[in-house]
Structures are given as C-alpha cells and as structure tokens.
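Engineer: To start, I am sharing the structure in question, which I have written as structure tokens.
The values are calculated or read from the model by the stated rules, or taken from the named source; none is laboratory data. Quantities reported herein were computed from a predicted structural model and do not represent experimental measurements. Every residue, glycine among them, receives a Cβ derived from its backbone with ideal geometry; neighbour counts consider all protein chains shown. Side chains are part of the model used for accessible areas, which takes the heavy atoms of the whole protein and leaves out ligands, DNA and RNA. Shrake-Rupley method; radii C 1.70, N 1.55, O 1.52, S 1.80 Å.
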Amino acid sequence: MTVDRARAVIVEFLQRANKEFGELTDDLSLYGGGLELDSLEAAELSAVLEDEFGSDPFSTGDTLPETVGEVLAFYNAA
Amino acid sequence: MIELLEAAVAARPDDVVVTSPYGTTTYAELHRDVQAIATALVERDLRRIAILDPDPAHVLAVLAACSRVGVEGCVYPLAPTDDAIDEMVARFEHEVVVTGRGISSPVVGYAELAATTPGDLPALPESRPIMAMTTGTSGFPRGVRHEWDRLLRTTHKIKPAPEQRWLLAYGLNQFGGLQILIHVLAAQAMLVAAESFQPRDALDAMRASGVTHASGTPTFWRFLLAEIKSDGGAVPDLRQVSLGGEAVPGALLDRITERFPNANISQIYGATEFGQNVTVRDGRPGLPISMLEPGGDVEFKVQDGELWVRSKASMLGYHGEEEVPDGAWRATGDLVEVVGDRIEFRGRKTDVVNVGGVKVHPIPIEDRVSKVDGVSLVRAYGRPNPMVGHVLAVEIVLEPGYDEKAVASEVRAVCADLPPAARPRSIKFLDTMTTTGNKMLRGAGR
C-alpha cells in the first residue's frame, strides 16, 4: 500500500534528520510541539515524498499538511 | 583570417586542415574554395550573410572568404527549426544564407558559390566585420559584432605547429568554436570534427584521428571522462586540454590531470562580447588576483561580487543596437569571490538559487559532490518548493557497481557542514544527463 511506503519514507527521513519521535501517530504535529521540523526540513520532506511518489501533499494541496496523519491521508486517498 | 590561411597554404599546401565525417580538406583545397567564394561574394554584391552548414570545412571557407572581401559573415547554430532560422534572418537582416536547407529566406548552396571561377579581388578592405551570436540561454540570441583585426591581434604569438590535431568540441556558431578555427589556422594545424558535439562522438573522433589538443566546456570534459571510464577503451594521448565557458571546479582539474598525464591544462576565461580570452595555466581553479591589476589587453574588476571586464579586442556592439564605446566596462554575469591570491568563480548570476531568501551557488556544491566515490556526473540546481521557494537539489549519474543509498548518504555527509540552505534536500539518481551546448543548466530547475 502506498500509505505504508509513505510512512517508511517519513521514518527514514526523520532518522536521517536526527529527529526524536516515539510512535508516528496521526495527530503528531510536523512542527512545534511535535516533530519540530523547520521550514527547510519540511521542504526536504516534501521533496523526498515527491521523488518517491511523483506528487506530495505540500505542493499539491490547497493547505499545507500540519500533522503526520494529514500527510498519510494524501497517499491514502491517492 | 584570410591572412592566416594564406600563410598556411604557402607553407604546407598539402596538409589536411579539416577532417570530419564529411571528408578531409587540405589547405590548398580550402584556399581554392575561398578564392572562388570571395569572387562570388563580390560578384553578387553581398554585405552581410549567414552560414548554416554542418561541414566545418564549408563554414571555414565561407568565413575566410568573407574576411577577404569585408563581408560580415555569421555562423548559425545547426539545430534550430526552419522557422527559427527564418526568424534569425529577419532579425539580423541577412541578405542570404549559405545552406543546403530549404528555408523560406533567400539561400545559396555552398557548391554553387565554390563553383565560381576565381577572379581578381579588390584590395583588403579596411573594415572586415564578423558577427558571432550569443547562446541565447535567456531569450533570443543577440548578434555580437566584431572586427577580424581585433580578434586576430594576438595570433602572431602562435607558432606553426602542424603536428597538432585539434578537436572541435564547440559549434562554430559559438565563440569558443570560432576561437578554435582561428587557433588552428594560426598554428597551421588540423581541425578534427566529430559526428556531433556530444562527448560520445567526440571520443570516437579523438581515437580515430589521433587528436592531441582539445578545448571544451567543463561539462564536456566531465562527460568525456565518464565515457572513457564506462567504455574502458583507449585513453586519447592528449597534449593540451583547455576548459572554458563555465566555471571550472577544482575536483575536475584533478581528474583531468590524472587522466591525461601528458597534457598541459589551460583554463580559458572569455565571452563572445570581449573577443579575447584570458588563459590560466597553473592548474588551480579561478583566476590569479594579478588579473585585477590595470593595464593588460583584458582588464578585470570585481564589483558587488560580480566580475567586470574591458578588453582591447572587445566587440563593436550588438547588432541593431548602439556601438559600445572603446574601453567600456561590462558586467560578465559571473559571480566571484576573492579568496587569498585567487578570484574564485561561484557560478553564473542566473544560476544562483534562492532558498528561503538565502542565495546558494550550485557550483561549489557540485564540486563537493563530484569528489564522492562512485559519482560519475552531478548537477546541482534549484528545485521549486512551495515552502521555501526553491530547495537545492542534486542529480547524480553513478559509476557502475555503486549503491545509490550508500552514495546518497556519503553525499549528505560531505555536505553536512554547509549552511542548511545549501545542503541538498533531494538526491536523485539518473541513468544519463542531458546538456545544452555542452553546458549544464542549473538555476531554473525543472
């Protein structure tokens, strides 16, 4: 399933970016109070997702995703 | 240019001047055609003409004939569509195109001109113009007007060297190509042209014709090294390697030195507009800071991080625009930084990537990544991104037998100490890479 691969891409990215995270729950924020991604890290996440799947929720949607669940939902719907 | 040809034909008429897929031409044969074409140009009362012909011997003959009788010749790029050529004819107001192509503009075939019975020619005219074209990477190419006398003013320093075989790795519509023609004639040497300007074809021609001297863009050399490595065939025994037209990364100089141990390595800095090149032979990237001293034929200054130049061989001006006054400074579009005793190139002004408001130069990043084991070719560029405008992205062609994941992680490691905006945020692996005019496109991204 695409959504599982998306989850794997996110995990790999977070490990590479030295982000501490426990479980990747749907309501985990990408930014403050959650994964604490800065703008360049969020930009990188969108780029690696696009590299992998050809599209990504940051570039395509009307609003930027704010949680892990919103990112995964994009691939669930696809 | 005609004077160089006449000296060569007197000294060695039967030497080959051009070898290409279209055949070989000796100096005597070339000279005969030039006499005929010059006569034809006078008979037809032409002033400004274009040449569009894939055979470099034809281009050379027409340019030399033009220079004999003061006709302004201009070499067109080979690739464009018929419509694009008609647009150039209209824009540059050319009276006729010497070509075998069926375009709507007035044309004349090379064979027809060369079949003219050579007649008495008038004395050398005082003004002998030539028009070169900019590559036009940002919009329609501009016509750059030069005088032959200015372009040839340093050729007296070139000694005859008939043993030299020069590869033509630039289109003759490019100023780099014109410089090679001038050099070959002045050295009374041989020009070797390949099927195309692609490094693969160039390598075949180098091997088949025993090329000893070659000049190309850094991108050309990077691809050529990759071709040699991947086919495992003979390494051409080059005596001279020249690089120009783009910033030259230090890692590439090291690789060329290693690959061509018998070659002198020169970096050429020039532009269509300033007519004369500066050559650096010390094997280090960038220009020596002594270039900033006033008084040379070509003078430089650094202003707001950009290199400015003025040249005694400068163009007269662009076609259809006002003449440029003698001694006028002009911006080169090349961003530089003075580091110690060196003027180091950071890239083209148009190549700068804006990452969230931070300006990032792709060249130094390519230079770092190119040193990673397993990286055959690399391009760094700005990739559009909704959050920060652009991110810095790299594309890599691997050498055989390397693992993508391992190389990607090494690439990240060598870039880890860069400012965050300059770190590659996307690393893609490709089978091949394409170029334009053997130059790498960076700034605009996709």
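Engineer: Can you tell me how much longer the chain between B:L398 and B:V414 gets when fully stretched, taken as 0.36 nm per residue apart minus their C-alpha distance, in nm with one decimal?
Structural biologist: 4.1 nm
Engineer: Using a 1.4 Å probe, what is the accessible area per residue for region B:151-247, in Å²?
Structural biologist: 34 Å²
Engineer: Follow-up. In a shell of Cβ-Cβ distance under 13 Å around B:D431, excluding B:D431 itself, what net charge do Lys and Arg (+1) and Asp and Glu (-1) give?
Structural biologist: Local charge sum for B:D431: -2.
Engineer: I want the local charge near B:M440. Using Cβ-Cβ distances under 11 Å, sum +1 for each Lys or Arg and -1 for each Asp or Glu among the other residues.
Structural biologist: Result for the neighbourhood of B:M440: +1.
Engineer: Show me, bin by bin at 5 Å from 0, the whole-percent P(r) of region B:15-112 based on Cα pairs.
Structural biologist: That works out to 2, 14, 25, 24, 18, 11, 4, 1, in percent per bin.
Engineer: Distance in nm between label sites at B:D15 and B:T154, each 7 Å beyond Cα in the beta-carbon direction?
Structural biologist: Here the modelled spin labels are 2.2 nm apart.
Engineer: At a threshold of 8 angstrom on Cα-Cα distance, excluding pairs fewer than six apart, so keeping six or more, what relative contact order does chain B reach in percent?
Structural biologist: Relative contact order here is 10 percent.
Engineer: Quick check: from the Cα gyration tensor, does region B:296-430 come out rounded (a/c under 1.5), prolate or oblate?
Structural biologist: prolate
Engineer: With bins 10 Å wide starting at 0, give me the P(r) of the protein assembly as shown over every alpha carbon pair, in whole percents.
Structural biologist: 3, 17, 25, 23, 16, 10, 5, 2, 0, 0
Engineer: Among B:L243, B:L191, B:L307, which one shows the highest mean-square fluctuation when chain B is modelled as a Gaussian network with alpha-carbon springs under 10 Å?
Structural biologist: Highest fluctuation of the listed residues: B:L307.
Engineer: Same structure again: Given a 1.4 Å probe and no ligands, DNA or RNA in the count, how much accessible surface is buried by B and A, both sides, to the nearest 100 Å²?
Structural biologist: When B and A are taken together, about 1300 Å² of accessible area is lost.
Engineer: DSSP loop (so not H, G, I, E, B), at most 15 other Cβ within 10 Å: list which chymotrypsin sites (Phe, Trp or Tyr not before Pro) in region B:1-95 pass both filters.
Structural biologist: In loop regions of region B:1-95 (DSSP not H, G, I, E or B), the sparsely surrounded chymotrypsin sites (Phe, Trp or Tyr not before Pro) are B:Y22.
Engineer: Next question. Relative to the longest principal axis of chain B, what angle (0 to 90°, nearest 10) does the C-alpha long axis of helix B:2-11 take?
Structural biologist: Compared with the principal axis, the helix lies near 80 degrees.
Engineer: What shape does region B:234-365 take by its C-alpha gyration tensor, where a ≥ b ≥ c are the square roots of the eigenvalues and a/c under 1.5 counts as rounded, a/b above b/c as prolate, and the rest as oblate?
Structural biologist: oblate
Engineer: Modelled label-to-label distance, B:D431 and B:N262, 7 Å Cα→beta-carbon offset: nm?
Structural biologist: The answer from the label model is 3.7 nm.
Engineer: Right, another one. How charged is the neighbourhood of B:E29? Take every other residue with its Cβ under 15 Å from the Cβ of B:E29, and add Lys/Arg as +1 and Asp/Glu as -1.
Structural biologist: -3
Engineer: Excluding ligands and nucleic acids, what accessible area in Å² is computed for B:W308 using a 1.4 Å probe, to the nearest 10?
Structural biologist: 60 Å²
Engineer: So which of B:K157/B:K312; B:K349/B:K405; B:K349/B:K439; A:K19/B:K371; B:K312/B:K359 end up more than 26 Å apart by C-alpha?
Structural biologist: The answer is B:K349/B:K405; A:K19/B:K371; B:K312/B:K359.
Engineer: Quick one: which residues, 5+ away or cross-chain, put their amide H under 5 Å from the amide H of B:V18? H built at 1.01 Å from N.
Structural biologist: Residues meeting the criterion, in which the H sits 1.01 Å from N, are B:T25, B:L191.
Engineer: Can you give me the angle between helix B:27-43 and the longest principal axis of chain B, using Cα atoms only, in degrees from 0 to 90, rounded to the nearest 10?
Structural biologist: 70 degrees
Engineer: At a 1.4 Å probe radius, carbon and sulfur cover how many percent of the accessible area of region B:365-446?
Structural biologist: 51 percent
Engineer: Looking only at GluC sites (Glu not before Pro) in DSSP loops with at most 16 other Cβ atoms within 10 Å, what is the longest site-free stretch of chain A?
Structural biologist: That gives A:37-65 as the longest site-free run.
Engineer: If you don't mind, there's one more thing I want to ask. What whole-number value in Å² describes the accessible area per residue of region A:2-77 for a 1.4 Å probe?
Structural biologist: 50 Å²
Engineer: With an 8 Å Cα cut-off and a minimum separation of 6 or more residues, compute the relative contact order for region A:2-77 in percent.
Structural biologist: 40 percent.
Engineer: Moving on to the next point. Could you work out [θ]222 nm for chain B from helices alone, using -39500 (n - 2.57) per DSSP H run of at least four and dividing by all its residues? Round to the nearest 500 deg cm²/dmol.
Structural biologist: Here the helix-only value at 222 nm equals -8500 deg cm²/dmol.
Engineer: Please list, in order, the residues from region B:343-367 whose amide nitrogen is less than 12 Å from a point placed 7 Å along the Cα→Cβ vector of B:R284.
Structural biologist: B:343-344
Engineer: Leaving ligands, DNA and RNA out of it, rank B:T134, B:T279 by accessible area with a 1.4 Å probe, largest first.
Structural biologist: B:T279, B:T134
Engineer: Under a 1.4 Å probe, what is the accessible area of region B:1-140 per residue, stated in Å²?
Structural biologist: That works out to 42 Å² per residue.
Engineer: Shielding of A:45-57 by partners, i.e. mean partner chain Cβ atoms within 10 Å per residue?
Structural biologist: Mean partner-chain Cβ count within 10 Å for A:45-57: 3.
Engineer: Which FRET efficiency value, to the nearest 0.05, do you get for B:R200 and B:A406 by plugging their Cβ-Cβ distance into 1/(1 + (r/R0)^6) with R0 = 30 Å?
Structural biologist: In this case the efficiency is close to 0.60.
Engineer: With both partners inside region B:352-430, how many of the DSSP beta bridges are antiparallel, as a percent to the nearest 5?
Structural biologist: 75 percent
Engineer: Now for a different question. Identify all aspartates and glutamates with a Cα-Cα distance to B:K301 below 12 Å; exclude those on the same chain that are fewer than 8 residues away in sequence.
Structural biologist: Answer for B:K301, where 12 Å is the Cα cut-off: B:E293, B:D334, B:E337, listed by chain and number.
Engineer: From the square roots a ≥ b ≥ c of the eigenvalues of the alpha-carbon gyration tensor of region B:2-336, which class results: rounded (a/c under 1.5), prolate (a/b over b/c), or oblate?
Structural biologist: Note, shape of region B:2-336 comes out oblate.
Engineer: Let me ask you something else. Averaging the inverse of every distinct alpha carbon separation and then flipping it gives the Kirkwood radius. What is it for region B:79-219, in angstrom units?
Structural biologist: 17.6 Å
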